[in-house]
Amino acid sequence: MSAPTTGSTPAASTGLDSAGTDSTGADSTSLAVRAAGVGKIFPTKTGDVVALTGVELTVAAGEFVSLIGPSGCGKSTLLRLIADLDSTSSGELQIFGKSAKQARIDQDYGIAFQQAGLLPWRTVAGNIELPLELHGVAKETRRARVAELASLVGLSDFVDRYPDQLSGGMQQRVAIARALAEQPRLLLMDEPFGALDEMTREYLQGELTRIAKDTGAAVVFVTHSIPEAVFLSDRVVVMSPRPGRITEILPTGLGDVRSESLRESPEYFERVTAVREALHGSPVERANER
Amino acid sequence: MTKSRAAALWGVVGVLAVLAVWELYKFAGPAEGLTVGAVEGENGSGFLLLPRTNDRAMPHIWDMVARLFQSTSGGSTPPLFVPVITAALTTLGIAAVGLVIGVVVGFVLGLLMQRFRLAEWGLLPWIVVSQTVPLIAFAPLVASIGSQIDRMGTPWPQWLSVAIIASYLSFFPVAVGVLRGLDAPDRIHLDLMRTYAVGYWQTLLRLRLPAAVPHLLPALRLGAASAVVGAVVAEVSIGMRGGIGRMLIQLAGQGSSDPAAPWGPTFGSIALGLVAAGTIALVGIGLKNYRRGEATA
Ligand SMILES: Nc1ncnc2c1ncn2[C@@H]1O[C@H](COP(=O)(O)OP(=O)(O)OP(=O)(O)O)[C@@H](O)[C@H]1O
Ligand SMILES: [Mg+2]
């Protein structure tokens with residue numbers, strides 16, 4: 001695989017320096033996310049909707065955590081709470097030891113939503129550089145960064161196109177590049193690969209784990225795909241609906257290197273089965289395994 | 001490209017159809033019209049069902065056009081189209097000033113109403129009510145205030161009153177369009193701006209204004225048309241000389257002896273409307289990247 005390099009960037013080199021000391025200490029500032037008893041209630045006309053209740057979750061700096069669960073179990077809601085797009089109804093939520101609001105103001109995270117959400121009047125390049133532009137990054141730096149990110153998501157030939165000239169999967173890749181633009185130390189991603197074809201999906205999964213390793217970014221990743229969650233994550237958080245809550249947290253223990261050969265390995269299949277059982281709430285017949 | 005060519009073609013067909021209907025009715029309709037319930041010997045009584053088609057009431061189209069090239073009022077006066085163009089340009093200038101004032105005022109009001117809900121509640125009803133005040137009641141008021149200011153020492157030319165009255169009509173669609181347009185961005189885009197922790201002004205500049213363009217263009221088109229109509233009507237009602245409105249009234253007064261003449265300034269004011277709409281269309285072409293995803297151009 002010809003991986004486009006981000007090795008020249010400062011954050012990437014620090015990531016490489018600390019690559020050996022991956023398991024970070026558990027003091028509160030080295031935690032990317034700390035949720036204690038977090039609940040979220042949406043008041044509606046027909047009564048209160050309990051979207052989340054009693055969420056206990058920590059994400060260490062540099063850790064990759066997936067959220068998986070049936071539709072409506074509050075995955076997007078949890079992500080929005082972390083991003084300070086909604087506020088918690090109860091409990092305590094800290095991002096890098098700060099309030100979610102402060103973390104947002106400090107630009108501690110990058111986010112990719114469930115929909116691409118590109119600005120239709122901006123080209124691919126214009127969309128990728130939007131956060132850089134808003135935060136006053138110089139034009140030359142921006143151009144270099146856009147070229148780097150566009151090649152990362154395989155859209156180098158499309159930087160001058162407008163979103164309405166792209167397929168849904170291509171739009172989603174632009175959104176991913178935009179989320180990565182400022183090399184955040186926390187990445188929040190809501191089913192970012194949902195609209196992609198299998199080939200691109202597997203390629204970007206590999207790239208994402210590599211980027212997360214290189215930059216030392218923690219990732220909170222929402223997905224509906226069990227294999228994807230297992231392949232990417234250090235831990236898989238299994239959730240269930242009505243009311244939305246965490247039912248189980250499964251460490252994958254698959255090590256740092258996520259290569260294509262991992263997809264064929266027995267440990268991998270074992271973890272997939274474990275997550276599936278946790279999702280279904282009961283052991284799954286081995287014959288059902290793919 | 002073929003789409004815009006088809007649109008142009010249909011535009012031409014529409015104009016030709018109007019001309020054809022005019023001439024057809026003139027040919028087939030009764031010369032003195034059709035009046036019901038007229039009392040014998042009493043002039044102007046009864047109810048005119050079908051308009052008259054004699055040359056005084058309905059000149060031939062070719063006569064109207066030919067009249068444009070005959071001298072304005074006999075003798076060595078220049079052909080009619082010269083004063084028509086001069087008057088039209090005068091009115092166009094005044095309408096443009098009115099439009100600019102209207103756009104500025106409309107923008108400020110729209111911005112305020114979008115930013116502060118309280119301002120919307122407080123202002124929007126008044127803005128709507130303002131448009132129900134008839135122009136002929138409002139125009140003399142502006143004119144008399146203007147001449148008072150003038151008398152107190154600050155020069156206040158009559159055309160400024162006309163421009164103010166034109167802006168009074170044109171600010172309304174702009175204010176409403178700005179309000180609607182600035183509220184147009186999708187939730188996901190507003191969320192995105194929030195994640196970037198940028199303030200109101202950056203969000204306005206990078207998101208709300210660009211997203212408002214598809215709402216602003218129709219508003220501007222309406223505003224421009226209103227400014228032209230407002231300027232023409234205001235000229236007449238405050239008696240300003242030099243514009244197309246005044247010229248129209250003057251020539252219409254001589255209509256019985258020179259029936260084709262008032263059609264000169266009529267064409268002139270139609271041309272004004274076209275210029276106004278065309279200018280906004282050009283603005284729209286310049287902003288075409290902000291109209292992506294719009295259903296129809
Ligand atoms: N703004 C809101 N107002 C009212 N209810 C809401 C709101 N947002 C989410 N909910 C409710 O909260 C619950 C969780 O929604 P959420 O979008 O987090 O689910 P999800 O796990 O992301 O689902 P999916 O996998 O389909 O994206 C749902 O029952 C939803 O109806
Ligand atoms: Mg969701």
For chain B, treating each Cα as an identical point scatterer without solvent, what Debye log10 I(q)/I(0) comes out at q = 0.07 1/Å?
-0.39
If you roll a 1.4 Å probe over the heavy atoms of the protein chains, what accessible area per residue do you get for the range B:63-192, in Å²?
52
For an R0 of 56 angstrom, estimate the FRET efficiency from the Cβ-Cβ distance between residue B:126 and residue B:28 and round to the nearest 0.05.
0.65
Given the whole protein assembly as supplied and a 1.4 Å probe, what does the accessible area of residue A:135 come to in Å², nearest 10?
70
Calculate the length of the line joining the C-alpha centroid of the range B:127-160 to that of the range A:186-220, in whole Å.
65
Here chain A gives, from Cα atoms, an Rg and Dmax in Å of 18.8, 57
Expressed as a percent, the accessible surface of the range B:231-276 that is carbon or sulfur, using a 1.4 Å probe and the full set of protein chains, is 67
Unit charges on C-beta of K, R, D, E only; dipole of the range B:117-250, Debye
120
In debye, nearest 20, what is the charge dipole magnitude of chain A about its Cα centre with +1 on Lys and Arg Cβ and -1 on Asp and Glu Cβ, if you could check?
700
Peptide B:195-201 - average C-beta neighbours from other chains (10 Å radius):
5
Starting from the Kirkwood radius over alpha-carbon pairs of the protein assembly as shown, derive D by Stokes-Einstein at 10 °C in a medium of 1.306 mPa s and give it in µm² s⁻¹.
54
Full extension from residue B:108 to residue B:65: what is 0.36 nm times the residue separation minus their Cα-Cα distance, to one decimal in nm?
11.1 nm
Under a point-charge model restricted to the Cβ atoms of Lys and Arg (+1) and Asp and Glu (-1), what is the dipole moment magnitude of chain B relative to its Cα centre, in debye to the nearest 20?
1200
What figure, in Å² to the nearest 10, do you get for the accessible area of residue B:290 with a 1.4 Å probe and non-protein molecules left out?
80
The correct ranking of B:116, B:138, A:269 by accessible area at 1.4 Å, largest first, is B:116, A:269, B:138
Name the residue farthest towards the positive end of the dipole of chain B from the options B:136, B:125, B:188, assuming +1 on Cβ of Lys and Arg, -1 on Cβ of Asp and Glu, about the Cα centre.
B:188
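Taking only C-alpha pairs under 8 Å that are 6+ residues apart, what is the relative contact order of the range A:33-73 in percent?
39
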Alpha-carbon spread of the range B:1-159, three principal axes, descending order, Å:
60, 53, 46
I need the phi-derived Karplus couplings for the range B:274-287: 6.51 cos²θ - 1.76 cosθ + 1.60, θ = phi - 60°, integer Hz, Gly and Pro marked x.
5, 4, 4, 5, x, 4, 5, 4, 5, 4, x, 5, x, 9
quick note, the protein assembly as shown, DSSP beta bridge pairs, % antiparallel (nearest 5) is 60
Please list B:64, B:152, A:170 in order of solvent-accessible area, largest first, computed with a 1.4 Å probe with all protein chains present.
B:152, A:170, B:64
Cleavage-rule hits (GluC sites (Glu not before Pro)) in the range B:1-71: DSSP loop, at most 15 neighbouring Cβ within 10 angstrom:
B:32, B:40, B:42
Return one whole number: the accessible area per residue of the range A:78-155 in Å², for a 1.4 Å probe.
36
Amide H contacts of residue A:98 (H built 1.01 Å from N, under 5 Å, at least 5 apart or other chain):
none
For every helix of n ≥ 4 consecutive DSSP H residues, a contribution of -39,500 (n - 2.57) applies; sum these over the protein assembly as shown, divide by its total residues, and give [θ] at 222 nm rounded to the nearest 500 deg cm²/dmol.
-16500 deg cm²/dmol
Send over the semi-axes of the range A:118-183's equivalent ellipsoid, whole angstrom and largest first, taken as the square roots of 5 times the C-alpha gyration tensor eigenvalues.
18, 12, 10
As a test of the definition: with a 1.4 Å probe, what buried accessible area, both sides summed, do you compute for A against B, in Å² to the nearest 100?
2100
Positive-end extreme of charge dipole, the range B:156-297 - chosen from B:217, B:200, B:260 (charges on Cβ)
B:200
Ignoring the sites themselves, what is the longest stretch of chain B with no trypsin sites (Lys or Arg not before Pro) in a DSSP loop and at most 14 other beta-carbon atoms within 10 Å?
B:57-240
Dipole-positive endmost among B:19, A:121, A:218 within the protein assembly as shown (Cβ charges, Cα centre)
B:19
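The values are calculated or read from the model by the stated rules, or taken from the named source; none is laboratory data. In this text the structure is predicted, and so the values were computed from the model without any measurement. Note: ideal-geometry Cβ built from the backbone for every residue, glycine included; neighbour counts use all protein chains shown. Heavy atoms of the whole protein, side chains included, go into the accessibility calculation; ligands, DNA and RNA do not. Shrake-Rupley method; radii C 1.70, N 1.55, O 1.52, S 1.80 Å.
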